[in-house]
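Novice: One structure follows; several queries about it will come next.
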Amino acid sequence: MLVHQWKQPLTSMMLGMSIIRMKMNSLKLSKKDAEFFDDQFTKVDQMLEDQNQLISDLRNFFHPEKTKEPFNLADSIEGALSILSGVIDKNTIQITQQVNSNIQIIGFERELKHVFINLIKNSAEELIESNISQPKISIFTSIDSENITIKVQDNGNGIADDILPTIFEAYVSSKGLNGTGLGLYMSKLVIVEHFSGLIKVRNCTAINPCKDSAITGACFTIQIPSSNIHLN
């Protein structure tokens, strides 16, 4: 019920913004004014869309698919990259993958895909905000007798030291006023509650590099128990 109550006013605001945009387009504005308003509308649209996605994530968490089903891990990662292809291509972000294409997991595929979307989107936004000249995001998977491990790393400036210990707590955001502080919180809930796993993050530096890559930046690691593997 609470999610529905959030969704209704958000839908009204999105509709209202569409009406205002249509009205503005009918006015005779200077090129400078038209560009200004278009930029502002785009920012508001993005904020509303982010809130809409957050509400969808909450709804999916509390009302997941009825049964766990097997799915391909690589396909889930590729699905997340496909959804974010617009921002990735627009900003010429290089994606490097070392992903085992044979790992099958039993669980809620849609939820795990949302986790990947959150992590990759966070990395992309950090790279864009920091104006990294050759932005890169690397994705690795590995498997052993205990865990399936997925790592998402970027070559940005990392996460501020004062935020790092609490980054997965509700309403903590590395984006300041531009973030809700719930994306990583929800990601942790999904991994811990629905996959019995763990998620952690650290900053990789030249002095303290990550195992899988020489690039420096934030590195998110997900570990899912191997008991979640689907055997054909």
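Novice: Just to be sure I understand the model, the point goes 7 Å from the Cα along the line to the Cβ. What's the resulting ILE106 to GLN94 distance in nm?
Specialist: The modelled label-to-label distance comes out at 4.1 nm.
Novice: So, one more: Once phi is turned into θ = phi - 60°, what whole-Hz ³J(HN,Hα) does the Karplus curve with 6.51, -1.76 and 1.60 give for every residue of the stretch 114-124, x standing for Gly and Pro?
Specialist: Taking θ as phi minus 60°, the curve returns 5, 4, 4, 4, 4, 5, 5, 5, 4, 5, 4 Hz for the stretch 114-124.
Novice: Taking θ = phi - 60°, what integer Hz values does the Karplus form 6.51 cos²θ - 1.76 cosθ + 1.60 yield along the stretch 145-159, in sequence order, with x for Gly and Pro?
Specialist: So the Karplus estimates, Gly and Pro as x, are 5, 9, 9, 9, 10, 10, 10, 10, 10, 10, 9, x, 8, x, 9 Hz.
Novice: Hey, another quick one. Count the net charge of all other residues whose Cβ sits under 11 Å from the Cβ of SER76, scoring Lys and Arg as +1 and Asp and Glu as -1.
Specialist: -2
Novice: Please compute the modelled spin-label separation between LYS200 and THR42, points set 7 Å along Cα→Cβ, answer in nm with one decimal.
Specialist: Each label point is offset 7 Å from its Cα along the Cβ direction, giving 4.0 nm.
Novice: For the stretch 69-228, what ratio Rg/Rh do Cα atoms give with a Kirkwood hydrodynamic radius?
Specialist: In the stretch 69-228, Rg relative to Rh is 0.94.
Novice: Would you grab the residues whose amide H sits under 5 Å from the one on CYS204? Only those 5+ places off in sequence or on another chain, please, with H modelled 1.01 Å from N.
Specialist: Correct list: GLY217, ALA218, CYS219.
Novice: Given the Cα-Cα distance of GLU146 and ALA170 and 0.36 nm per residue of separation, how much length would full extension add, in nm?
Specialist: Full-extension gain reported as 5.7 nm.
Novice: Right, another one. So which lysines can LYS121 reach, going by Cα to Cα under 27 Å and dropping same-chain residues fewer than 8 places off?
Specialist: LYS7, LYS43, LYS68, LYS90, LYS113, LYS136, LYS151, LYS175, LYS188, LYS200, LYS211
Novice: Continuing with the same structure: Multiply the residue separation of LYS31 and VAL192 by 0.36 nm, subtract the distance between their alpha-carbon atoms, and state the gained length in nm to one decimal.
Specialist: Fully extending the segment from LYS31 to VAL192 adds 52.9 nm.
Novice: Please work out the FRET efficiency for the pair ARG21 and THR67, using the Cβ-Cβ distance as r and a Förster radius of 35 Å; give the result to the nearest 0.05.
Specialist: 0.25
Novice: Follow-up. So, in Å, what gap is there between the alpha-carbon centers of the stretch 73-142 and the stretch 5-48?
Specialist: 29 Å
Novice: Taking θ as phi - 60°, what are the ³J(HN,Hα) couplings along the stretch 75-91 by the Karplus curve (6.51, -1.76, 1.60), each to the nearest whole Hz, with x for Gly and Pro?
Specialist: Ordered by residue, 3J(HN,Hα) equals 5, 5, 5, 5, x, 5, 5, 5, 4, 9, 4, x, 5, 5, 5, 4, 9 Hz.
Novice: Any idea which of GLY158, ASN131, PHE108 is furthest toward the positive side of the dipole for the stretch 69-228, if Lys and Arg beta-carbons carry +1 and Asp and Glu beta-carbons -1?
Specialist: The listed residue farthest towards the positive side: ASN131.
Computed from the coordinates by the stated procedures, all read-outs in this text should not be read as laboratory data. No experiment lies behind these values; they were computed from the predicted model shown. Quick reminder, even Gly has a Cβ in these numbers, built from the backbone with ideal geometry, and neighbours come from all protein chains shown.
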